[in-house]
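What follows is a single structure, written as structure tokens, with notes after it.
Derivation of every value follows stated rules applied to the coordinates shown; laboratory data play no part. Keep in mind it's a predicted model, so treat the numbers as computed, not measured. Here Cβ is always computed from backbone atoms with ideal geometry, including for glycine, and neighbour counts include all displayed protein chains.
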Amino acid sequence: MKHLLTCMVIFALLLLTHCNSCPKEFKIKFDSKKEVSGQKFALKDINPNLPRDWDDYNFVVLEFRITTAQRFHIGFTTNNGYNELRIMNYVPNAWNKLAIPLKFYRRLPDARIDLAATFNQPRYTGWINLGGKRGELHGVDSIGIRMRVPVGNPEFEIRNITLAVDDPGDEYLEDIPVVDEFGQHNLVDYTEKIHSMEQLQAEWIAEDKDIENTVPEYNYSRYGGYLQKQVKGSGFFRVEKNDGRWWFVDPDGYLFLSHGVDCVSPGGGGNTRDLDKRAGMFKELPPEQFRQTNRNRGTVSFGAWNLYRRYGDNFKGKANEMVFKRMDKWGLNTIANWSDPAVYGLNRKAYTLQLRGLAMDGNLMGLADVYAPGFAAKMDSAMKTYLPAEKNNPWILGYFVGNEPSWLGQEARLCDLIIAGDDRPIKTELEKFLKDDTSPERKKQFIYVTFNTFLQTVKKTMKRYDPNHLNLGIRFGNLNELDDQLMQICRNAFDILSFNCYSLKPDQDMMDRALRLVDMPMIIGEYHFGTVDRGMAQSLWQVNSQEQRGVAYRYYTEQAYAHPGMIGTAYFQWCDQDLIGRFDGENYNCGLIDVTDRPYKYQVEAMMETAKRLYAVHSGKTSPFDQTPLNARGHGGIPDLWNTENVWDDDRMKTK
């Protein structure tokens, strides 16, 4: 009996020792009922060998799995407080290693030409957006994972954290390919997913038959204006205030609202770069004709391969023709920015273009060194090469000057960067300007003076070589950051005030203020909505289903055109972004069309309904659509909320 009791004690001790050596599970189940859901873990529990000060390291490497493509935040508690970044993962439902450069936590982003280039950072199993608080990584003792308005109660699990001096690269750790033979996500499933070539062919045939039987219902003129009202035509697009509301006027004199889409180009959404860095991620690559090597970076296009499967050898021409059939059916009358010249060059829809050769500099956060010798002459030479050929084209709405300059609201920082940088003419002029006053306001005035010189040079040069088309301005990333002085600078340089606006709807007060200050017509250059069911990130504004994408589109667009100053919108974009990242990492579900060349039903149906109503909405005769989408949230700051109740020994690690 005594021997039996001894054996039982030994067995119990062995069992206890074994359980204590078992790896802990570090899992989170995000709660979709909460505005913010997440949890913190003590780093010593995940990897007890991690130091608390990370000065000697340049990368933190996370080995994790998450069941969604929805963006989430990864942060660390330090002596300076909590410091986090937004993360998007290309491989939901699979284990992977992601190496995050620690410089993203330590300091502000480097100077870049626009907001996307500034804040988006590509990796190979995901990408990073630089939000949050920056600071030194001293006293690091916990990691936090959280998500805003999770869709479908997703889960996150982490099993290791290490540090590295040199970039160890990212690694996909599963055997199942991430991308299937059609360019779709192979690790997620959804109702509309293609599982066979026969299924895909049948859906293409059904769309062909439907489009051929479509009867236009939009009462458009040949240029896309409204036959309901005609005023004086000039042979080119112009703007006019009519009955107290701004409008475009098409070349034949019909009132016109620019109902458009950016990046109109067939075969998008399936480009894949850096194949050598993504081993094991593809089930079947497209044939050789859809692959290329560029600077030793292998690329393939599943989108182009699918168009070839649909149309055969002449797939480019036939795909371009389908673009116009779709636009006619959906009520779209404008090919907006960054679109394919092979499409807009056919001169069958109004389109916008971007001015080129303006010498905007990434090191100057999108500003130009107007003090450099020969600056104006170089701009003159650049515009002279292409504007004269376009000046008599009636299909061109106008030219944009730029997009989301990153210096806006960062004028003092830009001045500090210029002073700390290499000697150049703009540095010399800035030092003179600040000789007796180095205040932030004085620095802002220098940037404004420089910007005004740039815009006036653009205006004069453009009018010299193309007096017929509109100056559509710069698509600012935040119209609210244009103070009264900057508004007047724009008024004196542009024909139209343009801005990008990723929101539930454009802010009424913001547009009222702009109209009051400068009384200019306005264009929204970018907006969109997306979700996570296709294995892509949910866009800058998320909704919880494809159906709600359509609701969000109608609400935003009609609310925008109800304003008397709004004369144009451009939805971003025609096709979904690339599944595992475009050049800067973005992989948003934001398209009208997916990688298999199939339209998103709810999205395009919403566009059709809105297109039928825009003239009446903008005229003030019909109220705009007022149904808001469910659980829509933006990409901005995340509230300081948690759903965990764990309390660490260190008071500053207590969670709310």
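Descriptive notes on the structure:
- Over the chain, Cα pairs under 8 Å with separation of 6+ residues give a relative contact order of 16 percent.
- Long pairs among 318/349; 241/325; 40/505; 209/316, criterion Cα-Cα beyond 25 Å: 241/325; 40/505
- Candidate aspartates and glutamates for bridging to residue 432, where Cα separation is under 19 Å - those fewer than 8 sequence places away on the same chain excluded: 369, 411, 416, 422, 423, 441
- With neighbour counts taken as other beta-carbon atoms within 10 Å, the residues 435, 318 rank, fewest first, as 435, 318.
- Label point distance in nm, residue 32-residue 439, each placed 7 Å from Cα along Cα→Cβ: 5.4 nm
- Computed magnitude of the charge dipole of the range 100-172 (debye, nearest 20; Cβ of K, R +1, Cβ of D, E -1): 360 debye
- Ratio Rg/Rh [Cα only; Rh per Kirkwood] for the range 337-524: 0.98
- Residues of the range 37-79 with amide N under 14 Å of a point placed 7 Å along Cα→Cβ from residue 160: 46-50, 61-65
- Cβ-based exposure ranking for 428, 596, in which fewest neighbours within 10 Å come first: 428, 596
- Under the Debye formula (equal points on every Cα, no solvent term), log10 I(q)/I(0) of the range 547-612 at q = 0.15 Å⁻¹: -0.53
- Mean separation of Cα contacts under 8 Å, 6 or more apart, over the residue count of the range 337-524: relative contact order %: 22 percent
- Dividing the C-alpha radius of gyration of the chain by 2.2 N^0.38 Å, with N its residue count, gives 1.05.
- Look at the dipole of the chain built from charges on Cβ: of 60, 351, 233, the Cα furthest out on the positive end belongs to 233.
- Of the three principal axes defined by the Cα atoms of the range 251-368, the extents in descending order read 56, 44, 19 Å.
- Charge-dipole axis of the chain as Lys and Arg at +1 and Asp and Glu at -1 on Cβ define it, positive-most pick from 74, 421, 282: 421
- At least 18 Å along the helix axis (C-alpha) and Kyte average at least -1.0, DSSP helices within the chain: 2-21, 197-212, 440-465, 601-619
- Each Lys and Arg contributes +1 and each Asp and Glu -1, all at the Cβ; summed about the Cα centre of the chain, the dipole is approximately 880 debye.
- FRET efficiency, 1/(1 + (r/R0)^6) with R0 30 Å, evaluated for residue 513 and residue 107 via beta carbons: 0.30
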